[in-house]
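Since every read-out is calculated from the coordinates, none of them should be taken as a lab result. None of the values given here were measured: they were computed from a predicted structure. So basically every Cβ, Gly included, is an ideal-geometry build from the backbone, and we count neighbours across all protein chains shown.
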Ligand code: GLY
């Protein structure tokens, strides 16, 4: 890195609130920088890691209006020429058709294999762009600049990329790690309260998997995380550390990475029942209900104390996340309806139900071959069948 770049970066983080988390994957290791103002200094950070590149910035119609000018100007200031590729905001852009458009625009811009494709946006943009970077010219450089809380703590980290199929979500894709992640915590100031809460469900998840002290810290610090400042940076950095630990152990989800699916088996079933309509339920809300159900089911199986489920529910309630099936009753008339949705999910292996269950807060584990009869009885009791 040049002295000039060093000076620019020192100026960029004058208050010392920036944190760096490394995802340790040998010669594919990369840093996640977390702090306010990173998008204003994106050019200097990028030049430090990938000197001499040209760039394509893939973003969506909402994020472009807010941050595309900032990032383009910053890149230009560091001598990086950039082409912007803007897709429609929303889940439908995670499609083969949009993927083709993005890849063709990258090729039209005559970018070379060593040049960089940047994802500027939330989870949809990150997943779509990462897959485009993985396949354009058989693999270009890739950088994530996540602008939603969900993307900063989950989807931008760990290399899962892809698009949806009519057969289901995320069924087409590749593991493809970025070279750098810039998580600008100030970008979260413009999220709606609902979107912020939904991303926060994934932050809570890391405490529940294996960081009980972090969960306790979240119970006490949630309002400050919402407000911004050092607590927000710490919550995101701790989430990224938790995810980096799991990804380093099991990059391609042969085992432990499945722990990151805590709350997701029930959650995905609820999203499917809501026909993936974000007006009814967004991903993080499904995960919130799913995490409560996973703790309640674990208590029913005598694996964990019911007090843990009560504590998890109390925190998610305090945050304003949904924690019960009540709002979904018209879409899930009975336990079998919910079991049908669960059976369609990726977490079913040769007909066996796989769940992430728990022995208590911070003690999640992968449970294979969970009897469907137990799940049915649990859901029937919850739904009052
Ligand atoms: N979002 C789950 C994972 O990255 O494995």
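See the values below:
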quantity: Bins of 10 Å, starting at 0 and running to the largest distance - Cα pair percent for the stretch 257-385; calculated: 13, 49, 35, 3
quantity: Ordering of 317-323, 154-160 by packing [mean C-beta count within 10 Å, highest first]; calculated: 154-160, 317-323
quantity: Sites residue 135 and residue 318 - FRET efficiency at Förster radius 35 Å, r taken between beta-carbons, to 0.05; calculated: 0.20
quantity: For the stretch 129-225: relative contact order, % (alpha-carbon pairs under 8 angstrom, 6 or more apart); calculated: 28
quantity: Fraction in percent of alpha-carbon pairs per bin - 5 Å, the stretch 45-190; calculated: 2, 11, 22, 25, 23, 12, 4, 1, 0
quantity: FRET E, pair residue 186, residue 249, Förster distance 30 Å, beta-carbon r, rounded to 0.05; calculated: 0.40
quantity: Length added when fully stretched, residue 167-residue 359, from 0.36 nm per residue minus Cα-Cα; calculated: 65.7 nm
quantity: Pairwise FRET efficiency - residue 17 versus residue 194, Cβ, R0 = 22 Å, nearest 0.05; calculated: 0.25
quantity: Stretch gain in nm, segment residue 221-residue 366, where the contour uses 0.36 nm per residue and the Cα spacing is subtracted; calculated: 49.3 nm
quantity: Order by protection proxy (mean Cβ within 10 Å, highest first), peptides 370-376, 57-63, 123-129; calculated: 123-129, 57-63, 370-376
quantity: Cα gyration tensor shape for the stretch 307-370, rounded if a/c is under 1.5, else prolate or oblate; calculated: oblate
quantity: Listed residues 275, 136, 299, most fluctuating in the chain (Gaussian network, C-alpha, under 10 Å); calculated: 275
quantity: Cα Rg over Rh - the stretch 13-92, Kirkwood; calculated: 1.00
quantity: Using alpha-carbon coordinates, inclination of helix 306-319 to the longest axis of the chain, degrees; calculated: 50
quantity: Cβ crowding within 10 Å averaged over residues, with 284-292, 193-201 ranked highest first; calculated: 284-292, 193-201
quantity: Gyration tensor (alpha-carbon) shape descriptor, the stretch 70-151, a/c threshold 1.5; calculated: oblate
quantity: Per residue Cα convex hull volume in Å³ - calculated over the chain; calculated: 125
quantity: Rel. contact order, % - alpha carbon contacts under 8 angstrom, at least six apart, the chain; calculated: 14
quantity: Convex hull volume of the stretch 234-315 per residue (C-alpha atoms, cubic angstrom); calculated: 132
quantity: Nearest-ten-degree value, helix 96-108 long axis tilted from longest Cα axis of the chain; calculated: 10
